[in-house]
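Here the structure is laid out as structure tokens; the discussion comes afterwards.
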Amino acid sequence: MTRAVHVPYTVEQDGDGVWCAHAQLRPGVGANGEGATSSDAVADLREALVELGFDAAPFWVLEHNHRARRFYQAGGWSTDGATKVDDSPGFPIAEIRYYRPLK
């Protein structure tokens, strides 16, 4: 059985120049990664998720956010063909699902 995590995560650089990645899995439970670059921090976060027992990490990206899509693609993430449109803000927002095996 595959355990997939589907949560947003943040990547930011702290005051010491270290890149930090964080995923909030549920209140009080998260996973963190650190590295010299943003890509290193995301790789470290991926390892932390594997240690928690997850096999894959799917997430949604705005279709027209080309900068974010290039970043994820450069990091080895790819689309799996799934798309959706979120109409909750009162106008359509097209999203594309990205996926990456964690192991």
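Numbers for the structure displayed
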item: Residues of the stretch 29-43 that turn out to be in contact with a helix residue (DSSP H, G or I) (Cβ under 8 Å, 6 or more places away or on another chain), more than 16 Å from D16 (Cα to Cα) and either outside any strand (DSSP E or B) or of a type outside the set (S, T, N, Q) (or both), as a count; result: 2
item: Among the candidates A36, A57, A43, residue that is crowded, with 17+ Cβ neighbours inside 10 Å, closer than 20 Å to G76 by Cα and not charged (D, E, K, R); result: A57
item: Residue tally, condition touching a Phe, Trp or Tyr at 6+ places or on another chain (Cβ under 6 Å) and in contact (Cβ under 8 Å) with a residue 40 or more places away in the chain, over the stretch 13-58; result: 1
item: Matching residues, the stretch 10-33, being of a type in the set (A, V, I, L, M), more than 16 Å from F71 (Cα to Cα) and surrounded by 12 or more Cβ atoms within 10 Å (Cβ to Cβ); result: V18, A23, L25, A31
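Read-outs throughout are calculated quantities, based only on the coordinates presented, and are distinct from any laboratory measurement. The shown structure was predicted, so the numbers you read here are calculated from the model rather than taken from an experiment. Heads up, the Cβs are rebuilt from the backbone with ideal geometry, glycines too, and the neighbour counts pull from every protein chain shown.
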